[in-house]
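Down below is the structure, laid out as structure tokens.
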Amino acid sequence: MLTMITAAGMALSMMSAPAAAQVADPPPPDRVVIDVETVNGSGCPRGTAAVATATDNTAFTVTYSQYTAQVGDGSGPTDLRKNCQLGLRVHIPQGFTYAVEQADYRGFAYLSKGASAVQQASYYIQGTSPTTRSSHPFGGPYNDNWQFTDRTQTADLVYAPCGEERFLNVNTELRVNAGSSGNNSSFVSMDSTDGGVSTKYHFHWKKC
């Protein structure tokens, strides 16, 4: 089950762990390395998605540089929907396994009055069932940063098999609908030209 939180202005979302939540093991001391192996989708042409692992191995970020859906003046019929499917090879130190317990999606949107947008996402470890596809709609008028957080309860976490290297598949989508705004311009973006806007995935570690 996913818990969803919405916040504007890049405010951080505070979430309380369930009382009976299992405490994660400490992250492995050796560096976790993630390689982008496969890239598909109109929102992330090859070379426009970068992955970086936190120095403490608690999370990793994906930064996009050409991920914007738009309608109105200057946009084409295929610009209203953008998506990205990444196949990530996660190199895990021996003796550990992981699950993804939380994903923080951030971006910026400008929506004219009457327009609307939606951000959707799912992720899963190769060979396991995908997470429920989350969907976060919001409407115009809107001119601000946005953030959505999806969190999987501890009992529902799906771990990578111990001793096996599996792809972590990350799927995202942005849509914008002109609605009653006519031909006025509107867009929703996970695009970052300076690296300041990124999607963050939080690890939940367990010793094998």
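The values are calculated or read from the model by the stated rules, or taken from the named source; none is laboratory data. Here the structure is a predicted model, which means the values were calculated and not measured. Neighbour counts run over all protein chains shown; Cβ positions are idealised from the backbone, glycine included. Just so you know, the surface numbers come from the protein's heavy atoms only, side chains and all, with ligands and any DNA or RNA stripped out. Shrake-Rupley method; radii C 1.70, N 1.55, O 1.52, S 1.80 Å.
Just the number, please: carbon plus sulfur as a percent of the accessible area of the range 107-208, 1.4 Å probe, no ligands or DNA/RNA counted.
46
So, R0 is 22 Å and r is the distance between the beta-carbons of residue 135 and residue 38; what FRET efficiency does that work out to, to 0.05?
Result of the calculation: an efficiency of 0.35.
Using the reciprocal of the averaged 1/r over all distinct C-alpha pairs, how large is the Kirkwood radius of the chain in Å?
Value: 17.8 Å, from the Cα pair sum.
Accessible area per residue, 1.4 Å probe, Å², for the chain: what's the number?
48
Treating cross-link reach as a plain straight distance, find the aspartates and glutamates whose alpha-carbon is under 14 Å from the alpha-carbon of residue 207, omitting any fewer than eight places away in the same chain.
List returned: 25, 30, 164.
Mind checking which lysines have their C-alpha under 30 Å from residue 82, skipping anything on the same chain fewer than 8 residues away?
113, 200
How far, in nm, would the chain grow between residue 157 and residue 48 when pulled straight, counting 0.36 nm per residue and subtracting the alpha carbon separation?
Between residue 157 and residue 48, full extension yields an extra 36.3 nm.
List the longest stretch of the chain that has no exposed loop site; here a site is one of the trypsin sites (Lys or Arg not before Pro) assigned by DSSP to anything other than H, G, I, E or B, with at most 11 other Cβ within 10 Å.
With trypsin sites (Lys or Arg not before Pro) excluded where exposed in loops, the chain gives 47-208 as its longest stretch.
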